[in-house]
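Following: one structure in structure tokens, then a few remarks.
Values in this text are rule-based calculations from the coordinates and carry no lab data. From a predicted model like this one, the values you see are computed outputs, not experimental measurements. Positions of Cβ are generated from backbone atoms using ideal geometry, with glycine treated the same way; all protein chains shown enter the neighbour counts.
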Amino acid sequence: MKFSYDDIKSGNATCVLEINNQKFEFYPTFHSDALGDFVTYLAAIHPLCKLSWKEGAFHKINGGIEWHTGPMLLCWELKRDFDELEITITETLNPNIERKKNINLPITIFKAKVNFNEFVLCVVKELDRIIKQRGILGYRQEWQNYTFPLDGFLALKYACLYNKPFEITKKKSGTSIDEELNLLIKNID
């Protein structure tokens, strides 16, 4: 299983998803917060990321998320059933760009079931690589309109490392910057 998010420059990126010997490449643009929406969506369905957060912090996303990829929209739908995650990616026209109706769309271009925890770990490792390689401000400089999804990343990383939620509601003032920085620089295997 592989999830990579690379070639982040000038508001464009390359995402590679490889599951069950199926490999797909996607090219999201800055017209959507592709990585941010994806990480928030994953945190919203992760049981350890929702427990101690204020209601709505990782809001439930009905119907999935959309990545703008030029004339097409990639619609991601993630359905978690305990240890299993069903990933469905559908391609449809981007109504903001393409005005002609294409009767062949929408079309499901990817559908697979994977182990939920393995997929989350794969994504977190990639996020860890991105932030350590680019930095928070460096990511923002390249992606233009959107910042690195730090809150979702830290919640998911903590869940992967310790198999428990990042308890931010147990203290009056939330977490400490020291805890967050330690989590941010901690290596994940």
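Cross-link pairs exceeding 26 Å between alpha carbons, from the set 79/164; 23/50; 2/157; 113/157; 50/113; 111/164: 23/50; 111/164. Taking the Cα atoms of the chain, the ratio Rg/Rh between the radius of gyration and the Kirkwood radius comes to 0.97. Taken along the Cα-to-beta-carbon direction at a fixed 7 Å, the label points for residue 18 and residue 134 span 2.1 nm.
For residue 186, a cut-off of 18 angstrom between C-alpha atoms picks up these aspartates and glutamates, skipping any fewer than 8 places away in its own chain: 126, 128, 151, 167, 178. In terms of packing, defined here as the mean over residues of other Cβ atoms within 10 angstrom, the peptides 151-159, 176-184, 116-124 line up highest first as 151-159, 116-124, 176-184. Scanning residues 5 or more positions from residue 73 or on other chains, those with amide H under 5 Å from its amide H are 92, 93, 94, with H placed 1.01 Å from N in the peptide plane.
Below 8 Å between Cα atoms, with a sequence gap of 6+, how large is the relative contact order for the chain in percent? All intermediate terms of the calculation are to be shown ahead of the outcome.
Numbers: 310 pairs, mean separation 41.2, N = 189.
Relative contact order, the chain: 22 percent.
With Cβ to Cβ distances under 13 Å as the rule, what net charge do the other residues near residue 24 carry (K, R +1; D, E -1)? Taking every Cβ under 13 Å from that of residue 24, the sum is 0. Of the DSSP H helices in the chain, those with a Cα length along their own long axis of 24 Å or more and a mean Kyte-Doolittle hydropathy reaching -0.5 comprise 116-134.
Using a simple spin-label model with pseudo-atoms 7 Å out from Cα toward Cβ, residue 107 and residue 27 lie 1.7 nm apart.
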